[in-house]
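J.: I have a structure I would like to understand better, so I am pasting it below and will then ask my questions one at a time.
The values are calculated or read from the model by the stated rules, or taken from the named source; none is laboratory data. Note that the structure is a prediction, hence the values are computed from the model and not measured. Glycine gets a Cβ as well: all are built from the backbone with ideal geometry, and neighbour counts include every protein chain shown. Each accessible area value is taken on the protein alone, full model and side chains, heavy atoms only, with ligands, DNA and RNA left out. Shrake-Rupley method; radii C 1.70, N 1.55, O 1.52, S 1.80 Å.
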Amino acid sequence: MCANHSSLSLPVLLLLVCFKIFLSSYFFSPYVLKKKKKKERGKKENKMKLCLIAALLVSLAAAEQKTLRWYISANHLDANVAFYNEHKNAMSGFYGCCGGAHVAANGAVTYNMPELQNQTATYKGLGLTYHIMGSLNETGVLNGGVLGGVADIVAAVKASGSDGIIFDYEPKDQPTDEHAQKYANFLTAVKKAAGTSFDVGMDVSGWGILDKFPIYGASHLDIYTSMATTYYAKSALSPVGTAFMNNMTHYFGADQSFYGIGTWDANEATCKWHYGWNASALTTFLDTSNATHIDLWRCDMDNYSTPSPDIYLPLEQWFHQ
């Protein structure tokens, strides 16, 4: 994931090398000018074939790989491990909700490193990817104070051993381009400091400053994961949802666009949020959305219960097809 916007660089380079071999073989080679033996030309043709095969193999390796990640209440280690063991075919990673690291108005960064390291070791030990969640003080975003925390937040993510950090910043006021740009300035700074050492991502949605896709696209993050617009079945399956996802891929790139889905429980009374999905609707979405990355938000995040058993088969079929 961290090789954002550069996955085609090696295949393109190999193709350029192949093209050079092609030119030397057919236009500028001694064979053409001096009529050397066919054996020499055959050698160059074989080199070109091997080069093209190598370019094809690298292109296939660089192709988008599906991910299927669940937001989990990070500190419920035993429950989350049991959840994985029971449904391991329907997940590839966890997002540790919420606030694993916080940047205050003055740029001070707070976190519990032993806790983050324990979570990371536990979940990655299962073979899953693990991303921590980050939060920001709104005043610090608006006045630029959070920029003072960039170096510390990068150091914290590296020290945690996790695969990266997803920033969940959802201000309810001042939904302006200026506000979005100040948030994007912070995200850009973190991504620049992180380089390719870990993923940097953000939550996006269809309200407030979270729908300013052209602004956030310029930050070139690794992960843009959607919330409300796709969490709810009614909007996700509507023309509004389709347009929203098309805009995501347009501004962020297909491999950087992660679509969030709200889950449902065996007993809907245990859900804090009711997203309106069922197995049929989920199957339709997975079959028609051209999604490569699906993120599941648990409707029982605040009080673990039992996700509906009919959620897993559509996910497994999509993920492993």
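J.: Among Thr229, Thr196, which is at pLDDT 95 or above, open to solvent by less than 60 Å² (accessible area, probe 1.4 Å) and not aliphatic (A, V, I, L, M)?
T.: Among Thr229, Thr196, only Thr229 is at pLDDT 95 or above, open to solvent by less than 60 Å² (accessible area, probe 1.4 Å) and not aliphatic (A, V, I, L, M).
J.: Give me the pairs, please: first residue somewhere in the stretch 155-168 and on the phi > 0 side of the Ramachandran plot, second residue anywhere and charged (D, E, K, R), beta-carbon distance under 9 Å, and either six or more positions apart or on two chains.
T.: If the second residue must be charged (D, E, K, R), the pairs left are Gly161/Lys124; Gly164/Asp199; Gly164/Asp222.
J.: A further question on this structure: Any residue in the stretch 260-275 that's within 10 Å of Asp300 (Cβ to Cβ) and open to solvent by 10 Å² or more (accessible area, probe 1.4 Å): show its pairings with residues that are modelled with pLDDT of 90 or more and of a type in the set (Phe, Trp, Tyr) at Cβ separation under 6 Å, as long as the two are six or more apart or on different chains.
T.: Sorted first by the residue in the stretch 260-275, then by its partner, the pairs are Trp264/Trp277.
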